[in-house]
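Engineer: Below you will find the structure I want to go over with you.
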Amino acid sequence: MSTPDLVVVGSGFFGLTIAERCAEELGLQVLVLERRSHLGGNAYSEKEPTTGIEVHKYGAHLFHTSNERVWEYVNRFTSFTDYKHRVFGKYQGQVYSLPMNLGLINQFFGRSHTPDEARALIAEQSSEIATEDATNLEEKAISLIGRPLYEAFIKGYTAKQWQTDPTKLSADIITRLPVRYTFDNRWFNDTHEGLPVDGYTAWLTRMAEHPNIEVRLETEWRDVAEQYRGKVPVVYTGPVDEYFDNSEGRLSWRTVDLEASVVDVDDFQGTGVVNANDQDVPHTRIIEFKHFHPERVKTHLPGKTVIVHEYSRFAEEGDEPYYPVNTAEDRAILLRYRELAKAEPMVLFGGRLGTYQYLDMHMAIGSALSMVDNRLRPHFAEGAPLTSGGVAE
Ligand code: FAD
Ligand code: UDP
(Lines give C-alpha, C1' and ligand atoms only; values in the text may rest on other atoms or scores of the structure.)
(Ligands and ions follow the chains in the order given, each with its own letter.)
Protein backbone atom coordinates (compact mmCIF):
# COMPACT_ATOMS: atom_id res chain seq x y z
CA MET A 1 0.00 0.00 0.00
CA SER A 2 1.84 3.16 -1.10
CA THR A 3 -0.29 5.92 0.40
CA PRO A 4 -3.25 4.73 2.47
CA ASP A 5 -6.47 6.76 2.67
CA LEU A 6 -6.66 6.07 6.39
CA VAL A 7 -4.20 4.90 9.04
CA VAL A 8 -5.55 3.03 12.06
CA VAL A 9 -3.20 2.67 15.02
CA GLY A 10 -4.05 -0.50 16.94
CA SER A 11 -5.71 -3.72 15.77
CA GLY A 12 -8.08 -4.34 18.70
CA PHE A 13 -11.85 -4.49 18.24
CA PHE A 14 -12.08 -0.71 17.94
CA GLY A 15 -9.37 -0.40 15.29
CA LEU A 16 -10.49 -3.43 13.27
CA THR A 17 -14.13 -2.28 13.24
CA ILE A 18 -13.02 1.09 11.87
CA ALA A 19 -10.74 -0.60 9.31
CA GLU A 20 -13.36 -3.10 8.16
CA ARG A 21 -16.17 -0.53 7.78
CA CYS A 22 -13.95 1.99 6.01
CA ALA A 23 -12.62 -0.65 3.61
CA GLU A 24 -15.94 -2.37 2.92
CA GLU A 25 -18.41 0.49 3.06
CA LEU A 26 -16.32 3.50 2.04
CA GLY A 27 -13.91 1.66 -0.28
CA LEU A 28 -10.86 3.15 1.44
CA GLN A 29 -7.35 1.72 1.49
CA VAL A 30 -6.67 1.22 5.20
CA LEU A 31 -3.32 0.66 6.84
CA VAL A 32 -3.51 -0.80 10.35
CA LEU A 33 -0.38 -0.38 12.48
CA GLU A 34 0.04 -2.75 15.41
CA ARG A 35 3.00 -2.80 17.74
CA ARG A 36 2.44 -6.31 19.01
CA SER A 37 3.44 -9.40 17.03
CA HIS A 38 -0.22 -10.34 16.51
CA LEU A 39 -3.47 -8.58 15.69
CA GLY A 40 -6.58 -8.46 17.87
CA GLY A 41 -5.62 -6.32 20.86
CA ASN A 42 -6.58 -7.67 24.25
CA ALA A 43 -9.21 -10.07 22.93
CA TYR A 44 -6.51 -12.13 21.18
CA SER A 45 -6.45 -15.82 22.08
CA GLU A 46 -4.35 -18.82 21.12
CA LYS A 47 -4.35 -22.54 21.72
CA GLU A 48 -2.07 -23.74 24.50
CA PRO A 49 0.05 -26.09 22.37
CA THR A 50 0.20 -29.22 24.53
CA THR A 51 -3.48 -29.38 25.53
CA GLY A 52 -5.24 -27.70 22.58
CA ILE A 53 -7.18 -25.48 25.01
CA GLU A 54 -7.91 -21.91 23.81
CA VAL A 55 -6.41 -19.41 26.23
CA HIS A 56 -7.28 -15.71 26.19
CA LYS A 57 -3.79 -14.27 26.47
CA TYR A 58 -4.75 -10.96 28.08
CA GLY A 59 -7.43 -12.23 30.47
CA ALA A 60 -10.76 -14.04 30.07
CA HIS A 61 -13.07 -12.44 27.48
CA LEU A 62 -16.79 -13.20 27.52
CA PHE A 63 -18.87 -11.66 24.77
CA HIS A 64 -22.29 -10.24 25.65
CA THR A 65 -24.46 -7.45 24.30
CA SER A 66 -27.98 -6.08 24.17
CA ASN A 67 -27.10 -3.81 21.25
CA GLU A 68 -28.86 -5.27 18.20
CA ARG A 69 -26.73 -3.37 15.74
CA VAL A 70 -23.53 -4.70 17.30
CA TRP A 71 -24.96 -8.23 17.47
CA GLU A 72 -25.87 -8.17 13.78
CA TYR A 73 -22.43 -6.77 12.91
CA VAL A 74 -20.36 -9.29 14.88
CA ASN A 75 -22.36 -12.19 13.45
CA ARG A 76 -20.96 -11.32 10.02
CA PHE A 77 -17.58 -12.60 11.21
CA THR A 78 -18.33 -15.38 13.63
CA SER A 79 -21.10 -17.47 15.08
CA PHE A 80 -21.39 -17.90 18.82
CA THR A 81 -21.74 -20.89 21.11
CA ASP A 82 -24.56 -20.94 23.65
CA TYR A 83 -22.12 -20.54 26.57
CA LYS A 84 -23.68 -18.60 29.44
CA HIS A 85 -21.25 -17.14 31.93
CA ARG A 86 -21.47 -18.03 35.61
CA VAL A 87 -19.04 -17.04 38.34
CA PHE A 88 -18.44 -18.73 41.68
CA GLY A 89 -16.71 -17.28 44.72
CA LYS A 90 -14.65 -19.04 47.37
CA TYR A 91 -14.91 -17.67 50.90
CA GLN A 92 -13.68 -19.32 54.11
CA GLY A 93 -13.56 -22.79 52.60
CA GLN A 94 -16.99 -22.70 50.96
CA VAL A 95 -17.87 -22.09 47.33
CA TYR A 96 -20.82 -19.80 46.60
CA SER A 97 -22.65 -19.05 43.41
CA LEU A 98 -22.34 -15.36 42.45
CA PRO A 99 -23.76 -12.82 41.84
CA MET A 100 -25.76 -12.30 45.04
CA ASN A 101 -28.82 -14.50 44.55
CA LEU A 102 -31.18 -16.64 46.58
CA GLY A 103 -28.79 -19.61 46.48
CA LEU A 104 -25.94 -17.56 47.92
CA ILE A 105 -28.14 -15.89 50.53
CA ASN A 106 -29.52 -19.26 51.73
CA GLN A 107 -26.08 -20.87 51.86
CA PHE A 108 -24.41 -17.90 53.56
CA PHE A 109 -27.05 -17.46 56.26
CA GLY A 110 -27.46 -21.24 56.68
CA ARG A 111 -31.20 -21.57 56.09
CA SER A 112 -33.77 -21.33 53.32
CA HIS A 113 -35.51 -18.04 52.56
CA THR A 114 -38.40 -17.33 50.25
CA PRO A 115 -37.75 -14.41 47.90
CA ASP A 116 -39.74 -12.10 50.21
CA GLU A 117 -37.92 -13.31 53.32
CA ALA A 118 -34.57 -12.73 51.62
CA ARG A 119 -35.67 -9.27 50.51
CA ALA A 120 -36.69 -8.41 54.07
CA LEU A 121 -33.41 -9.74 55.45
CA ILE A 122 -31.27 -7.70 53.05
CA ALA A 123 -33.44 -4.60 53.61
CA GLU A 124 -32.84 -4.89 57.34
CA GLN A 125 -29.11 -5.53 56.96
CA SER A 126 -28.60 -2.67 54.55
CA SER A 127 -30.63 -0.14 56.56
CA GLU A 128 -27.60 1.34 58.36
CA ILE A 129 -26.82 3.54 55.31
CA ALA A 130 -29.23 4.97 52.74
CA THR A 131 -27.96 4.42 49.19
CA GLU A 132 -28.35 8.11 48.33
CA ASP A 133 -26.11 9.05 51.29
CA ALA A 134 -23.32 6.65 50.29
CA THR A 135 -20.14 8.54 49.43
CA ASN A 136 -17.73 5.71 48.66
CA LEU A 137 -17.67 2.09 47.50
CA GLU A 138 -17.91 0.59 50.99
CA GLU A 139 -20.93 2.68 51.98
CA LYS A 140 -22.62 2.06 48.64
CA ALA A 141 -22.15 -1.70 48.87
CA ILE A 142 -23.40 -1.84 52.48
CA SER A 143 -26.41 0.25 51.49
CA LEU A 144 -27.22 -2.29 48.76
CA ILE A 145 -26.44 -5.67 50.33
CA GLY A 146 -25.75 -5.09 54.04
CA ARG A 147 -22.54 -5.45 56.02
CA PRO A 148 -22.23 -9.27 56.39
CA LEU A 149 -22.41 -9.94 52.63
CA TYR A 150 -20.22 -6.91 51.93
CA GLU A 151 -17.53 -8.14 54.30
CA ALA A 152 -17.57 -11.66 52.86
CA PHE A 153 -17.80 -11.05 49.13
CA ILE A 154 -16.85 -7.47 48.35
CA LYS A 155 -14.42 -6.06 50.90
CA GLY A 156 -11.48 -8.45 50.46
CA TYR A 157 -11.92 -8.93 46.72
CA THR A 158 -12.17 -5.21 46.05
CA ALA A 159 -9.18 -4.39 48.25
CA LYS A 160 -7.11 -6.93 46.31
CA GLN A 161 -8.44 -5.84 42.95
CA TRP A 162 -7.84 -2.13 43.49
CA GLN A 163 -5.12 -2.15 46.19
CA THR A 164 -7.05 0.67 47.72
CA ASP A 165 -9.19 0.78 50.82
CA PRO A 166 -12.84 0.46 49.64
CA THR A 167 -13.71 3.62 51.64
CA LYS A 168 -11.39 5.52 49.27
CA LEU A 169 -12.89 4.10 46.07
CA SER A 170 -15.67 5.64 44.04
CA ALA A 171 -19.18 4.34 44.72
CA ASP A 172 -19.65 4.01 40.93
CA ILE A 173 -17.54 0.84 40.73
CA ILE A 174 -20.22 -1.06 42.56
CA THR A 175 -23.27 0.47 40.87
CA ARG A 176 -23.84 -2.61 38.76
CA LEU A 177 -23.72 -5.01 41.72
CA PRO A 178 -26.87 -7.05 41.19
CA VAL A 179 -28.82 -8.76 43.95
CA ARG A 180 -31.36 -11.26 42.68
CA TYR A 181 -34.11 -12.74 44.77
CA THR A 182 -34.28 -15.79 42.52
CA PHE A 183 -31.88 -18.67 41.86
CA ASP A 184 -30.83 -17.09 38.56
CA ASN A 185 -27.03 -17.05 38.66
CA ARG A 186 -26.25 -15.80 35.15
CA TRP A 187 -23.45 -13.25 35.39
CA PHE A 188 -24.67 -11.04 32.53
CA ASN A 189 -28.14 -9.63 31.95
CA ASP A 190 -27.71 -9.04 28.23
CA THR A 191 -29.96 -10.34 25.44
CA HIS A 192 -27.10 -11.98 23.56
CA GLU A 193 -24.21 -13.91 24.98
CA GLY A 194 -21.78 -16.57 23.81
CA LEU A 195 -18.23 -17.33 22.77
CA PRO A 196 -16.97 -17.26 19.19
CA VAL A 197 -17.29 -20.81 17.84
CA ASP A 198 -13.79 -21.00 16.40
CA GLY A 199 -12.17 -18.59 18.82
CA TYR A 200 -11.43 -14.87 19.13
CA THR A 201 -8.41 -14.83 16.85
CA ALA A 202 -10.33 -16.41 13.95
CA TRP A 203 -13.04 -13.76 14.40
CA LEU A 204 -10.57 -10.87 14.58
CA THR A 205 -8.59 -12.22 11.61
CA ARG A 206 -11.76 -12.34 9.48
CA MET A 207 -12.45 -8.69 10.26
CA ALA A 208 -9.07 -7.80 8.79
CA GLU A 209 -9.33 -10.01 5.71
CA HIS A 210 -10.67 -7.36 3.33
CA PRO A 211 -8.30 -6.84 0.36
CA ASN A 212 -8.19 -3.06 1.07
CA ILE A 213 -6.80 -3.66 4.57
CA GLU A 214 -3.13 -4.12 5.34
CA VAL A 215 -2.17 -4.96 8.93
CA ARG A 216 1.46 -4.14 9.67
CA LEU A 217 2.57 -5.91 12.85
CA GLU A 218 5.45 -4.96 15.15
CA THR A 219 5.09 -1.37 14.07
CA GLU A 220 5.08 1.31 16.72
CA TRP A 221 3.20 4.49 15.83
CA ARG A 222 5.94 6.72 17.19
CA ASP A 223 8.46 5.22 14.75
CA VAL A 224 6.40 6.00 11.65
CA ALA A 225 4.32 8.99 12.78
CA GLU A 226 6.48 11.41 10.82
CA GLN A 227 5.30 9.77 7.58
CA TYR A 228 1.56 10.15 8.30
CA ARG A 229 0.90 12.79 10.97
CA GLY A 230 -1.00 15.71 9.47
CA LYS A 231 -0.87 14.12 6.01
CA VAL A 232 -3.35 11.22 6.20
CA PRO A 233 -6.40 10.82 8.45
CA VAL A 234 -5.49 8.72 11.48
CA VAL A 235 -7.65 6.83 13.98
CA TYR A 236 -5.46 6.31 17.03
CA THR A 237 -6.46 3.62 19.57
CA GLY A 238 -3.28 3.57 21.65
CA PRO A 239 -2.90 5.35 25.02
CA VAL A 240 -3.79 9.02 24.66
CA ASP A 241 -1.10 10.18 27.11
CA GLU A 242 1.56 8.30 25.18
CA TYR A 243 0.48 9.97 21.92
CA PHE A 244 1.35 13.34 23.47
CA ASP A 245 4.60 12.06 25.06
CA ASN A 246 2.98 12.26 28.52
CA SER A 247 3.23 16.04 28.34
CA GLU A 248 0.25 16.49 30.71
CA GLY A 249 1.26 13.63 33.02
CA ARG A 250 0.58 9.89 33.02
CA LEU A 251 -2.91 8.47 33.35
CA SER A 252 -3.00 5.70 35.96
CA TRP A 253 -4.06 2.15 35.16
CA ARG A 254 -4.35 -1.18 36.90
CA THR A 255 -2.72 -4.16 35.32
CA VAL A 256 -3.23 -7.87 35.95
CA ASP A 257 -0.46 -10.45 36.24
CA LEU A 258 -1.71 -13.62 34.62
CA GLU A 259 0.11 -16.77 35.75
CA ALA A 260 -0.78 -19.66 33.49
CA SER A 261 -0.03 -23.28 34.28
CA VAL A 262 -0.87 -26.67 32.81
CA VAL A 263 -1.94 -29.01 35.60
CA ASP A 264 -2.26 -32.78 35.49
CA VAL A 265 -5.94 -33.14 36.25
CA ASP A 266 -8.81 -33.36 33.84
CA ASP A 267 -10.83 -30.79 35.75
CA PHE A 268 -9.31 -28.38 38.27
CA GLN A 269 -12.32 -26.44 39.57
CA GLY A 270 -15.39 -27.64 37.68
CA THR A 271 -16.19 -24.24 36.15
CA GLY A 272 -14.58 -21.37 34.22
CA VAL A 273 -14.15 -18.71 36.91
CA VAL A 274 -13.77 -18.97 40.68
CA ASN A 275 -13.21 -15.69 42.51
CA ALA A 276 -11.07 -15.73 45.64
CA ASN A 277 -13.08 -13.61 48.05
CA ASP A 278 -10.83 -14.07 51.10
CA GLN A 279 -8.53 -11.10 51.47
CA ASP A 280 -5.57 -13.20 52.62
CA VAL A 281 -5.53 -15.25 49.41
CA PRO A 282 -3.25 -13.26 47.10
CA HIS A 283 -4.86 -13.96 43.73
CA THR A 284 -8.23 -12.43 42.81
CA ARG A 285 -9.53 -15.32 40.73
CA ILE A 286 -8.64 -18.51 38.86
CA ILE A 287 -9.72 -19.04 35.27
CA GLU A 288 -9.95 -22.59 33.87
CA PHE A 289 -10.29 -22.07 30.14
CA LYS A 290 -11.55 -25.47 28.99
CA HIS A 291 -14.90 -24.78 30.68
CA PHE A 292 -15.59 -21.92 28.27
CA HIS A 293 -15.89 -24.49 25.46
CA PRO A 294 -17.51 -27.67 26.72
CA GLU A 295 -18.44 -28.46 23.11
CA ARG A 296 -14.72 -28.89 22.30
CA VAL A 297 -14.12 -31.64 24.85
CA LYS A 298 -12.94 -34.12 22.21
CA THR A 299 -10.22 -31.73 20.99
CA HIS A 300 -8.72 -31.24 24.47
CA LEU A 301 -5.97 -33.51 25.73
CA PRO A 302 -7.51 -35.63 28.51
CA GLY A 303 -5.95 -35.57 31.97
CA LYS A 304 -4.69 -31.98 31.65
CA THR A 305 -6.13 -28.52 32.04
CA VAL A 306 -4.90 -24.93 31.78
CA ILE A 307 -5.50 -22.61 34.72
CA VAL A 308 -4.59 -18.95 35.13
CA HIS A 309 -4.19 -17.22 38.48
CA GLU A 310 -4.90 -13.48 38.27
CA TYR A 311 -3.15 -10.90 40.48
CA SER A 312 -4.11 -7.27 40.22
CA ARG A 313 -1.77 -4.31 40.81
CA PHE A 314 -1.07 -0.74 39.71
CA ALA A 315 0.52 -0.58 36.26
CA GLU A 316 4.03 0.78 36.02
CA GLU A 317 5.86 1.83 32.90
CA GLY A 318 6.05 -1.13 30.52
CA ASP A 319 3.06 -2.99 32.06
CA GLU A 320 -0.11 -3.65 30.05
CA PRO A 321 -2.68 -0.99 30.97
CA TYR A 322 -5.92 -2.89 31.75
CA TYR A 323 -8.37 -0.91 33.89
CA PRO A 324 -8.37 2.90 34.19
CA VAL A 325 -8.00 3.87 37.88
CA ASN A 326 -9.75 7.15 37.13
CA THR A 327 -8.89 9.24 40.20
CA ALA A 328 -9.81 12.93 40.31
CA GLU A 329 -6.25 13.70 39.21
CA ASP A 330 -6.60 11.32 36.25
CA ARG A 331 -9.78 13.07 35.19
CA ALA A 332 -8.07 16.46 35.33
CA ILE A 333 -5.18 15.13 33.22
CA LEU A 334 -7.62 13.57 30.74
CA LEU A 335 -9.36 16.91 30.23
CA ARG A 336 -6.05 18.46 29.27
CA TYR A 337 -5.39 15.66 26.75
CA ARG A 338 -8.87 16.16 25.31
CA GLU A 339 -7.98 19.77 24.58
CA LEU A 340 -4.74 18.72 22.89
CA ALA A 341 -6.62 16.05 20.93
CA LYS A 342 -9.08 18.62 19.60
CA ALA A 343 -6.20 20.64 18.20
CA GLU A 344 -4.50 17.63 16.60
CA PRO A 345 -5.18 17.81 12.88
CA MET A 346 -6.73 14.81 11.13
CA VAL A 347 -6.49 12.50 14.16
CA LEU A 348 -9.42 10.86 15.93
CA PHE A 349 -8.87 9.09 19.26
CA GLY A 350 -10.90 6.00 20.07
CA GLY A 351 -11.06 2.70 21.94
CA ARG A 352 -10.34 2.02 25.57
CA LEU A 353 -6.77 3.36 25.55
CA GLY A 354 -7.50 6.34 23.33
CA THR A 355 -10.40 7.49 25.50
CA TYR A 356 -9.17 6.20 28.90
CA GLN A 357 -12.37 4.28 29.52
CA TYR A 358 -13.18 0.71 30.46
CA LEU A 359 -15.06 -0.59 27.42
CA ASP A 360 -16.47 -4.07 27.01
CA MET A 361 -15.95 -5.53 23.54
CA HIS A 362 -19.47 -4.73 22.41
CA MET A 363 -19.00 -1.14 23.61
CA ALA A 364 -15.71 -0.77 21.74
CA ILE A 365 -17.36 -2.11 18.56
CA GLY A 366 -20.47 0.06 19.01
CA SER A 367 -18.36 3.13 19.62
CA ALA A 368 -16.28 2.43 16.47
CA LEU A 369 -19.47 2.05 14.39
CA SER A 370 -20.60 5.46 15.73
CA MET A 371 -17.27 7.03 14.82
CA VAL A 372 -17.72 5.78 11.25
CA ASP A 373 -21.27 7.21 11.16
CA ASN A 374 -20.51 10.54 12.79
CA ARG A 375 -16.98 11.36 11.71
CA LEU A 376 -15.46 9.17 9.04
CA ARG A 377 -18.32 8.77 6.57
CA PRO A 378 -19.13 12.52 6.66
CA HIS A 379 -15.45 13.23 6.06
CA PHE A 380 -14.74 10.74 3.30
CA ALA A 381 -18.14 10.77 1.59
CA GLU A 382 -19.12 14.42 2.03
CA GLY A 383 -15.84 16.23 2.61
CA ALA A 384 -16.60 17.30 6.20
CA PRO A 385 -13.46 18.37 8.09
CA LEU A 386 -11.83 15.87 10.44
CA THR A 387 -10.13 18.46 12.62
CA SER A 388 -12.90 19.06 15.12
CA GLY A 389 -12.49 15.54 16.52
CA GLY A 390 -10.84 15.14 19.86
CA VAL A 391 -11.14 12.15 22.18
CA ALA A 392 -14.11 10.11 21.04
CA GLU A 393 -17.38 10.44 22.87
P1 FAD B 1 -7.28 -3.07 22.63
O2 FAD B 1 -7.88 -4.40 22.45
O3 FAD B 1 -6.42 -2.83 23.81
O4 FAD B 1 -6.43 -2.77 21.30
C5 FAD B 1 -5.52 -1.71 21.19
C6 FAD B 1 -4.38 -2.15 20.29
O7 FAD B 1 -3.57 -1.03 19.97
C8 FAD B 1 -3.45 -3.17 20.95
O9 FAD B 1 -3.31 -4.30 20.11
C10 FAD B 1 -2.15 -2.41 21.12
O11 FAD B 1 -1.00 -3.25 20.99
C12 FAD B 1 -2.22 -1.42 19.97
N13 FAD B 1 -1.43 -0.21 20.21
C14 FAD B 1 -1.49 0.59 21.30
N15 FAD B 1 -0.62 1.63 21.16
C16 FAD B 1 0.01 1.45 19.97
C17 FAD B 1 1.01 2.20 19.29
N18 FAD B 1 1.54 3.30 19.83
N19 FAD B 1 1.43 1.75 18.08
C20 FAD B 1 0.90 0.62 17.53
N21 FAD B 1 -0.06 -0.12 18.15
C22 FAD B 1 -0.51 0.30 19.35
N23 FAD B 1 -14.73 -7.16 27.29
C24 FAD B 1 -15.86 -7.90 27.23
O25 FAD B 1 -16.78 -7.58 26.47
N26 FAD B 1 -15.99 -9.05 27.99
C27 FAD B 1 -15.00 -9.48 28.83
O28 FAD B 1 -15.15 -10.50 29.49
C29 FAD B 1 -13.81 -8.71 28.90
N30 FAD B 1 -12.83 -9.08 29.73
C31 FAD B 1 -11.70 -8.32 29.81
C32 FAD B 1 -10.70 -8.72 30.69
C33 FAD B 1 -9.54 -7.97 30.80
C34 FAD B 1 -8.46 -8.42 31.73
C35 FAD B 1 -9.41 -6.77 30.04
C36 FAD B 1 -8.19 -5.91 30.16
C37 FAD B 1 -10.41 -6.36 29.17
C38 FAD B 1 -11.57 -7.13 29.05
N39 FAD B 1 -12.58 -6.77 28.17
C40 FAD B 1 -13.72 -7.52 28.10
C41 FAD B 1 -12.49 -5.54 27.35
C42 FAD B 1 -11.89 -5.76 25.97
O43 FAD B 1 -10.57 -6.21 26.08
C44 FAD B 1 -11.96 -4.43 25.24
O45 FAD B 1 -13.29 -4.07 25.00
C46 FAD B 1 -11.28 -4.42 23.91
O47 FAD B 1 -9.96 -4.84 24.06
C48 FAD B 1 -11.30 -2.99 23.38
O49 FAD B 1 -10.66 -2.93 22.19
P50 FAD B 1 -9.72 -1.70 21.81
O51 FAD B 1 -9.50 -1.88 20.35
O52 FAD B 1 -10.26 -0.42 22.29
O53 FAD B 1 -8.37 -1.92 22.64
N1 UDP C 1 -16.51 -7.51 43.00
C2 UDP C 1 -16.37 -7.99 44.28
N3 UDP C 1 -16.45 -9.34 44.51
C4 UDP C 1 -16.63 -10.23 43.51
C5 UDP C 1 -16.77 -9.72 42.19
C6 UDP C 1 -16.71 -8.36 41.98
O7 UDP C 1 -16.17 -7.22 45.19
O8 UDP C 1 -16.68 -11.44 43.78
C9 UDP C 1 -16.44 -6.02 42.79
C10 UDP C 1 -15.00 -5.52 42.64
O11 UDP C 1 -14.90 -4.25 43.25
C12 UDP C 1 -14.83 -5.40 41.14
C13 UDP C 1 -16.23 -4.98 40.70
O14 UDP C 1 -17.12 -5.65 41.61
O15 UDP C 1 -13.86 -4.44 40.80
C16 UDP C 1 -16.54 -5.37 39.26
O17 UDP C 1 -16.44 -6.79 39.13
P18 UDP C 1 -16.11 -7.54 37.79
O19 UDP C 1 -15.90 -8.98 38.07
O20 UDP C 1 -17.10 -7.14 36.78
O21 UDP C 1 -14.69 -6.89 37.50
P22 UDP C 1 -13.75 -7.08 36.28
O23 UDP C 1 -13.79 -8.49 35.82
O24 UDP C 1 -14.27 -6.09 35.29
O25 UDP C 1 -12.47 -6.73 36.92
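The values are calculated or read from the model by the stated rules, or taken from the named source; none is laboratory data. Keep in mind it's a predicted model, so treat the numbers as computed, not measured. Cβ: placed from backbone, ideal geometry, glycine included. Neighbour counts: every protein chain shown.
Engineer: Could you check ARG285 against (1) assigned by TED's automatic domain parsing to the domain that holds ARG21; (2) within 14 Å of ligand 1 (Cβ to nearest atom) and say which number it fails?
Structural biologist: All conditions pass for ARG285, except number (1).
Engineer: Still on this structure: Identify, from the list GLY10, GLY59, the residue that is at pLDDT 95 or above, farther than 13 Å from VAL234 by Cα and not assigned by TED's automatic domain parsing to the domain that holds LEU301.
Structural biologist: Matching residue, one of GLY10, GLY59: GLY59.
Engineer: Same structure, new question: Considering only strands (runs of 3 or more DSSP E) fully contained in region 209-297, which possess at least 3 residues that are in contact with a strand residue (DSSP E or B) (Cβ under 8 Å, 6 or more places away or on another chain), within 16 Å of ligand 2 (Cβ to nearest atom) and of a type in the set (A, V, I, L, M)?
Structural biologist: 273-276
Engineer: Would you mind finding the one in THR81, THR51, THR65 that is away from ligand 2 (no atom under 16 Å from the Cβ) and over 13 Å from GLU288 (Cα atoms)?
Structural biologist: THR81
Engineer: Among residues belonging to region 169-223 that are at pLDDT below 95 and of a type in the set (A, V, I, L, M), point out the one that is farthest from ALA120 (Cα to Cα).
Structural biologist: LEU169
Engineer: Follow-up. Which members of region 1-25 meet the condition of being closer than 29 Å to VAL197 by Cβ and either part of a loop (DSSP other than H, G, I, E, B) or of a type in the set (Ser, Thr, Tyr) (or both)?
Structural biologist: GLY10, SER11, GLY12, THR17, GLU25
Engineer: Could you figure out which of (1) touching a Phe, Trp or Tyr at 6+ places or on another chain (Cβ under 8 Å); (2) hydrophobic (A, V, I, L, M, F, W, C); (3) surrounded by fewer than 20 Cβ atoms within 10 Å (Cβ to Cβ); (4) not in a helix (DSSP H, G or I) isn't true of LEU348?
Structural biologist: (3)
Engineer: On to the next question. Can you tell me which residue is farthest from HIS283 (Cα to Cα) among those in region 75-101 that are among the basic types (Lys, Arg), touching a residue at least 24 places away in the same chain (Cβ under 8 Å) and not in a strand (DSSP E or B)?
Structural biologist: Looking at residues that are among the basic types (Lys, Arg), touching a residue at least 24 places away in the same chain (Cβ under 8 Å) and not in a strand (DSSP E or B), I get LYS84.
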